[in-house]
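Written below as structure tokens is the structure these notes are about.
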Amino acid sequence: MAEADAPAIAIVIVNYNSAEFVDEFCSTLAEVVDPPWRLIAIDSASADASMEAIERAFPDAISVRCDDNVGFAAGANIGIERALQLDADYVLFLNIDVALTPDFLRRLVDAAGARTIVVPKILYYFDHRLISTHAGCFDWRLGLFRETYGGKPDGPATNVRRDGLDTASFCCALVPAQAFRDAGTLDERFFMYYEETDFIRRAQAAGYRVRYEPSSVIYHRESGASGGGWMTPFKQYYATRNRLYLVRKHATSRSAYASFTAYFWATRIATALAMAVRGERRLLRAMALGVRDYYRGRMGRTMQVKDL
């Protein structure tokens, strides 16, 4: 799996109908040769030929085909289990809607440590001037990302290494394998979105930290597997529902959660009115359904792209 002087790295991908961009993912991953790695590919019952493309590109990969769309969290957990069986030192999560640079992994590994999770600079695929997914702080009082720079221009603030982050996208993240033994695996009740923030919270409690390494760069299509774009009904639904669940799960007291709930409802009412004015009916409906399903206790996979 690895050279004698290199860490054993297992790359975990969760594939779902990625035919539109899988070829570029495979070609850019094939160019990453230092350090060596082993691919673990989990397919969530794709209806296209994307998994076949992955298997052709990487015939030595460990392939697992699920009978249903299990989502990122459950799919990642299957990959984590296989990685631990391989005695991997690190697990690298990768979304398939990314294009990689040849040295991104080497730069992540050089910045990593036994108790350090490392994430790269992730730029928007269609405009390399913009930061794509988040890496920064999380305000647990209000359930808000802070200083993540998502959607902002790449600049001086995003070209500096940062330590002690509260949240980071698992679109690309290098995680010490031991962290899953110490903090547990991903919470599958999220299905997708916010599961990485939940895991990081638990990992921090177990003594791990998150580092942002800007010298490592990849490019992300942003929600490529869920309809594309910065915000889709699919993403709106799960982000709304899971935000409520995340803050409740880690609330330090009933009063803290009550304060968050008051803020959440005040801002969601304002957001709903703005969506109605702009004619964003599908986003408005998705947000309403996310709130409804959280309070009904409907977690895990409850909606698919076609449902929204």
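The values are calculated or read from the model by the stated rules, or taken from the named source; none is laboratory data. As the structure is a prediction and not an experimental result, all values here were calculated from the model. Heads up, the Cβs are rebuilt from the backbone with ideal geometry, glycines too, and the neighbour counts pull from every protein chain shown. Ligands, DNA and RNA are excluded from the accessible area calculation, which covers all protein heavy atoms including side chains. Shrake-Rupley method; radii C 1.70, N 1.55, O 1.52, S 1.80 Å.
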Checklist outcome for this item: Across the range 62-92, the tally of residues that are open to solvent by 20 Å² or more (accessible area, probe 1.4 Å), at pLDDT 95 or above and of a type in the set (A, V, I, L, M) stands at 5
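Which strands (runs of 3 or more DSSP E) does the range 45-119 wholly contain that include 2 or more residues that are closer than 26 Å to A135 by Cβ? Walk me through how you get there before you give the answer.
On the way: elements: 62-65, 90-94, 98-100.
Result: 90-94, 98-100.
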Checklist outcome for this item: With criteria (1) over 19 Å from R292 (Cβ atoms); (2) surrounded by fewer than 18 Cβ atoms within 10 Å (Cβ to Cβ); (3) not charged (D, E, K, R), F199 comes up short on (2)
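Of these, G290, G297, which one is under 18 Å from Y194 (Cα atoms), open to solvent by 50 Å² or more (accessible area, probe 1.4 Å) and either touching a Leu at 6+ places or on another chain (Cβ under 6 Å) or modelled with pLDDT of 95 or more (or both)?
Numbers: G290 fails: open to solvent by 50 Å² or more (accessible area, probe 1.4 Å).
Within the list G290, G297, the selection yields G297.
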Next on the checklist: For the list (1) within 30 Å of G113 (Cβ to Cβ); (2) open to solvent by 10 Å² or more (accessible area, probe 1.4 Å); (3) at pLDDT 95 or above, I need the number of the one condition that I218 fails.
Outcome noted: (2)
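Would you please name the residue that is farthest from P233 (Cα to Cα), looking only at residues in the range 276-308 that are of a type in the set (A, V, I, L, M, F, W, C) and over 24 Å from the mean Cα position of the chain (by Cα)?
Initially, the range 276-308 is screened for residues of a type in the set (A, V, I, L, M, F, W, C), giving 276-277, 283-284, 286-289, 291, 299, 303, 305, 308.
Subsequent filtering for residues that are over 24 Å from the mean Cα position of the chain (by Cα) retains 276-277.
Values: A276: 14, V277: 17 Å.
Ranking the candidates gives V277 first.
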Checklist outcome for this item: For the range 124-147 the number of residues that are open to solvent by 30 Å² or more (accessible area, probe 1.4 Å), within 16 Å of E213 (Cα to Cα) and in contact with a Gly (Cβ under 8 Å, 6 or more places away or on another chain) is 2
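A quick yes/no check of all residues on (1) under 30 Å from D43 (Cβ atoms); (2) assigned to a helix (DSSP H, G or I); (3) within 13 Å of the chain's Cα centre (by Cα):
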| site | (1), (2), (3) |
| --- | --- |
| G150 | yes, no, no |
| V175 | yes, no, yes |
| T185 | yes, no, no |
| Y193 | yes, no, yes |
| R202 | yes, yes, no |
| M231 | yes, no, no |
